[in-house]
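Contents: one structure, followed by commentary.
The values are calculated or read from the model by the stated rules, or taken from the named source; none is laboratory data. Just so it is clear, the structure is predicted and the values come from calculations on it, not from any experiment. Using ideal geometry, Cβ is built from the backbone for each residue, glycine included, and neighbour counts are taken over all protein chains shown.
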Amino acid sequence: MKVIGFTIAAFAILLTVAAASAQPTVVPCYPLKMTLVTMLKDYGESPVFVFSNNFNETFLVTANPATGSWSSFKQAEGGSLCPVSSGGNFGPVPEAFKAQAIPGEDS
């Protein structure tokens, strides 16, 4: 009986943790001009491309070719930018990668 009680208690704790971790994360958004000035001033990053996804959401990527740093932003209603991700190693696709991923050829 103790095993069943322990199992139920453990399951209840798991459900509580899962529910708590399912809460959405609120990401702050910033005015477009302020974001672009900050990215250039603090990281040397300039806009390199913009694209839309299947949901008609617009994204912007900034990068610093000299350092390889990059940042991506989702454009919110009203034009503000919301940070999505950032990282390093931004640059051309290495030839070794291209050689392994030629469209139309079997691996």
query: How many residues does the range 31-62 contain that are of a type in the set (D, E) and in contact (Cβ under 8 Å) with a residue 12 or more places away in the chain?
result: 2
- prompt: Hey, among the residues in the range 55-74 that are of a type in the set (A, V, I, L, M, F, W, C) and out of contact with any Ser or Thr (no Cβ under 8 Å at 6 or more places or on another chain), which one's farthest from C29 (Cα to Cα)?
  reply: A66
- line: Flagged pairs (Cβ under 7 angstrom, 6 or more apart or on separate chains; first in the range 63-89, free of Cβ contacts under 8 Å to residues at least 12 places away in the same chain and over 17 Å from M34 (Cα atoms); second among the basic types (K, R) and surrounded by fewer than 18 Cβ atoms within 10 Å (Cβ to Cβ)) are none
- prompt: Out of the range 64-99, which residues are among the hydrophobic types (A, V, I, L, M, F, W, C) and not in a strand (DSSP E or B)?
  reply: A66, A76, F90, V93, A96, F97, A99
field: Members of the range 49-99 that are touching a helix residue (DSSP H, G or I) at 6+ places or on another chain (Cβ under 6 Å) and at positive phi
entry: G79
- request: Quick one: P28 ticks every box in (1) exposed (fewer than 10 other Cβ atoms within 10 Å of the Cβ); (2) assigned to a helix (DSSP H, G or I) except a single one, so which number is it?
  value: (2)
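Condition check ((1) modelled with pLDDT under 95; (2) loosely packed, with under 10 Cβ neighbours inside 10 Å; (3) in contact with a Pro (Cβ under 9 Å, 6 or more places away or on another chain)) across all residues:
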residue: K2; (1), (2), (3): yes, yes, no
residue: S21; (1), (2), (3): yes, yes, no
residue: V48; (1), (2), (3): no, no, yes
residue: F59; (1), (2), (3): no, no, no
